[in-house]
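Student: Dumping the structure here so I can ask a few things about it.
Nothing in this text is a laboratory measurement; each read-out follows from the coordinates by a stated rule. Not measured: the values here are computed from a predicted model. For neighbour counting, all protein chains shown are included, and Cβ atoms are generated from backbone atoms with ideal geometry for every residue, glycine included.
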Amino acid sequence: MQQIDDISERVIAIIAEQAMLPVEEVTPDLQLSDLGIDSLGIVECIFGIEENFGITVPFNANTPDQPGFDISSVGAIIAEVEKLVARKAA
């Protein structure tokens, strides 16, 4: 379970940095827009996640509503990253 918590903490840290907020203020139930993160900020978060975890995120900034990577909330992003990291490890 440690690895999942670590993923969650790392994703929240990346999002908090982009939102310029303390980590404590970023919770899984929040949407990125709640944190003041715009479309450019979303792309920056995706880049940060890809670099931090060594994964490729199936996200197209031109069609952010298309399926592939759920960015509907912080918790959804964490769940997607956990899936990608598990797939990479398999």
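Student: Run a plain Debye calculation on the range 2-89 (Cα atoms as equal point scatterers, no solvent) and give log10 I(q)/I(0) at q = 0.16, 0.23, 0.25 Å⁻¹, rounded to two decimals, same order as the q list.
Tutor: Debye curve over Cα of the range 2-89, log10 I(q)/I(0) at q = 0.16, 0.23, 0.25 Å⁻¹: -0.55, -1.21, -1.45.
Student: Related question: What is the extension gain from Lys83 to Gln31, computed as 0.36 nm multiplied by their sequence separation minus the C-alpha to C-alpha distance, in nm to one decimal?
Tutor: Length difference between fully extended and current span is 16.8 nm.
Student: Given the rule -39500 (n - 2.57) for each run of at least 4 DSSP H residues, summed and divided by the residues of the chain, what is its mean residue ellipticity at 222 nm, to the nearest 500 deg cm²/dmol?
Tutor: It comes out at -18000 deg cm²/dmol, rounded to the nearest 500.
Student: Next up: How do the peptides 7-16, 38-47 rank, highest first, by the average count of neighbouring beta carbon atoms within 10 Å per residue?
Tutor: Sorting 7-16, 38-47 by mean packing, highest first, produces 7-16, 38-47.
Student: Which whole DSSP H helices in the chain pass both tests: a Cα extent of 18 Å or more along the axis and a mean Kyte-Doolittle value no lower than 0.5?
Tutor: Span-like helices in the chain: 39-53, 74-89.
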